[in-house]
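So the structure is just underneath, and the comments pick up after that.
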Amino acid sequence: MKGGSGAVLNKSMEKNYEGSFHIVGGDFSRAGEASTELKSILQSLGIEKEIVRRASIATFEAEMNIIIYATAGILRYVITPEEIRIIAEDMGPGIEDIELAMQEGYSTAPEWVREMGWGSGMGLPNMKKNSDEFYIDSVVGEGTRVEMVIRRQIFSEGRSNDH
Ligand SMILES: Nc1ncnc2c1ncn2[C@@H]1O[C@H](COP(=O)(O)OP(=O)(O)OP(=O)(O)O)[C@@H](O)[C@H]1O
Ligand SMILES: [Mg+2]
């Protein structure tokens, strides 16, 4: 990938694919690059459209939050026959009140970020909505880690919006 973004596709395992992208905080010129790349990897593996859609939305929102709020981050993915696991980890300010940050419409995005069309406070809720499993962990002054699992079997039990 161009610009040293660090996309690494490891095909050594027979059925598992994994790789990572480096994301630079503040670099809006590359907004969406990692999630677009992951989307094409998922498509090239023939993964079902709806699963690709959910994974892409979740990844894009995680990528944008690193660009907007953090200094730097890594977005890792692991694709197995059962699931797509996406881990977004950053060095940054962290989140003081995760429960508040998870609420729809809550945003601390500054005005100039809102003028670019971001900062609706919908990213984290959308990540959760599009994942079957969603974990968020943050340490103020250190950074934030989000882990999301999207199961590939659509009718598998425990889908977040089934109950
Ligand atoms: N990686 C992060 N590091 C630090 N703070 C974060 C991070 N991700 C989210 N936040 C905080 O949580 C708030 C809510 O995040 P969320 O993604 O839901 O909305 P947003 O980024 O403000 O707007 P949108 O995603 O709709 O463009 C953010 O405004 C910010 O305060
Ligand atoms: Mg966001």
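Every read-out reported here was derived from the displayed coordinates using simple, explicitly stated rules and does not represent laboratory data. The model shown is predicted, which means the values in this text are computed figures rather than measured ones. Cβ sites come from the backbone with ideal geometry, for glycine too, and all protein chains shown count toward neighbours.
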TODO: Determine the principal axes of the Cα atoms in the chain, then give the extent along each, sorted from largest to smallest and rounded to whole angstroms.
DONE: 44, 43, 27
TODO: Please give the length that would be gained between LYS15 and GLN103 if that part of the chain were fully extended, namely 0.36 nm times their separation in residues minus their C-alpha to C-alpha distance (nm, one decimal).
DONE: 28.0 nm
Open item on the list: Using a Gaussian network model on the chain with a 10 Å cutoff between Cα atoms, which of PHE28, PHE60, PHE134 fluctuates the most?
Closed with: PHE28
- [ ] Multiply the residue separation of LYS129 and GLN153 by 0.36 nm, subtract the distance between their alpha-carbon atoms, and state the gained length in nm to one decimal.
- [x] 7.0 nm
Task: CD proxy at 222 nm, helix term only [per DSSP H run n ≥ 4: -39500 (n - 2.57); per residue of the chain; nearest 500] - done: -9000 deg cm²/dmol
TODO: Subtracting the Cα-Cα distance from 0.36 nm times the residue separation, let me have the gained length for VAL139 to THR80 in nm, one decimal.
DONE: 18.3 nm
TODO: Using R₀ = 35 Å, calculate the FRET efficiency as 1/(1 + (r/R₀)^6) where r is the Cβ-Cβ separation of LYS49 and SER29; round to 0.05.
DONE: 0.75
TODO: Quick one: how many lysine pairs does the chain have with C-alpha atoms less than 23 Å apart and a gap of 8 or more or different chains? Give me the count, please.
DONE: 11
